[in-house]
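Worksheet for the structure shown next.
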Amino acid sequence: MEPLLFSFPGNEELGKQLLERTGCTAGKATLRRFPDGESYVRILSEVRDRAVYVLCTLHQPDDKLMMLYFFAKTIQQQGARSVTLLAPYLAYMRQDKAFHPGEAVTSDLFAQLLSGWVDAIVTIDPHLHRHHDLAEIYRISTSVLHAAPLIVDYLQHHINRPVLIGPDAESKQWVADIATRAGCPFTVLRKERYGDREVKVTVPDAPQFRQHTPVLVDDIISTGRTMIETANHLREQGIPAPVCIGVHAVFAGTALEEMHQAGIQSILTTNTIPHQTNELDVSGLLADWIEEREGAA
Ligand code: R5P
């Protein structure tokens with residue numbers, strides 16, 4: 001029997017594309033909230049002995065987790081053969097150590113939690129910094145897909161003579177890979193973070209880049225401070241406002257407006273999180289992964 005794909009609220013658009021691109025059938029469920037805010041879950045499809053995919057991207061995770069837990073456990077109780085979570089954005093990856101005594105290392109705790117709920121997780125460019133592999137913290141099967149080919153394709157078709165700029169050491173893994181594939185120069189800056197919204201980015205003088213279009217590439221745009229700080233320093237050097245590419249459009253609060261106010265107009269992201277800046281479509285990456293896995297099953 002074909003696998004079932006359930007799309008959580010807010011994931012319908014990507015879910016529709018996955019249904020069109022794969023042999024999955026749309027799973028039916030009622031997912032809603034009671035008036036008091038508690039979660040209601042009812043599975044309407046027959047899931048016994050079927051492979052089940054659950055599409056639920058995990059930005060603002062605390063709002064979603066109870067419903068996801070009830071859903072995954074109910075599917076398992078009803079005899080699904082496997083439950084695979086498709087989480088294009090994987091949350092809680094940045095607190096990967098106790099920076100101060102007593103702090104929770106939430107990347108590890110979150111991994112332990114999810115590992116008890118589903119059989120496998122598929123995600124796109126998780127923030128791997130001190131952990132080099134999800135297998136270091138997840139006890140279940142994990143698969144990591146990469147948005148790099150989408151970004152390379154965009155650069156090759158839309159940007160004249162790009163120079164890629166990674167704002168911090170962590171970004172080197174993405175920036176170096178994309179630059180190599182796209183055949184363009186890159187540089188990686190130094191960033192120090194002093195608080196949630198306070199970052200200092202050091203931009204060395206790089207006159208050789210003045211003839212290029214600066215493209216900032218980062219995995220996450222959250223408060224936007226990293227992008228804004230970098231753009232400000234570039235401007236001080238007479239370098240024009242950069243094109244900003246983020247894989248995950250977290251955009252906390254008024255981040256997008258603040259980036260616009262800082263003179264950054266060209267901002268684009270992938271649709272791992274639905275957002276008005278989405279220009280790069282990850283549905284092909286996920287669909288290919290599902291098709292390959294089902295072909296091998
Ligand atoms: C952290 O190191 C990430 O790679 C991003 O640089 C960071 O999450 C961006 O956050 P913000 O937009 O709040 O500066």
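The values are calculated or read from the model by the stated rules, or taken from the named source; none is laboratory data. Just so we're clear, the structure is a prediction, and the values are computed from it rather than from any experiment. Neighbour counts run over all protein chains shown; Cβ positions are idealised from the backbone, glycine included.
Residues that are within 23 Å of Pro274 (Cα to Cα), in contact with a strand residue (DSSP E or B) (Cβ under 9 Å, 6 or more places away or on another chain) and not hydroxyl-bearing (Ser, Thr, Tyr) within the stretch 42-60 comprise Val52, Val54, Leu55, Cys56, Leu58, His59, listed in sequence order.
For the subset of the stretch 123-144 comprising residues that are more than 16 Å from the ligand (Cβ to nearest atom) and in a strand (DSSP E or B), which member is farthest from Ala87 (Cα to Cα)? Once the filter is applied, the top-ranked residue is Ser141.
Tallying residues that are within 13 Å of Val243 (Cβ to Cβ) and either in contact (Cβ under 8 Å) with a residue 24 or more places away in the chain or within 14 Å of the ligand (Cβ to nearest atom) (or both) within the stretch 157-171 yields 7. Every condition in (1) away from the ligand (no atom under 11 Å from the Cβ); (2) within 30 Å of Leu18 (Cβ to Cβ) is met by Gly246 except one, and the failing one is (1).
Within the stretch 193-227, restricting attention to residues that are part of a helix (DSSP H, G or I) and surrounded by fewer than 23 Cβ atoms within 10 Å (Cβ to Cβ), the residue that is nearest to the ligand (Cβ to nearest atom) is Phe209. You will find that of Asp125, Asp119, the residue that is in contact with a strand residue (DSSP E or B) (Cβ under 6 Å, 6 or more places away or on another chain), at pLDDT 95 or above, among the charged types (D, E, K, R) and surrounded by 19 or more Cβ atoms within 10 Å (Cβ to Cβ) is Asp125 and no other. Restricting to the stretch 81-116, give me the number of residues that are in contact (Cβ under 8 Å) with a residue 60 or more places away in the chain and small (Gly, Ala, Ser). Within the stretch 81-116, residues that are in contact (Cβ under 8 Å) with a residue 60 or more places away in the chain and small (Gly, Ala, Ser) number 0.
Contact map, the stretch 172-184: first residue assigned to a helix (DSSP H, G or I), second residue of a type in the set (S, T, N, Q) and surrounded by 14 or more Cβ atoms within 10 Å (Cβ to Cβ), Cβ cut-off under 6 Å, separation 6 or more or different chains; the map is empty.
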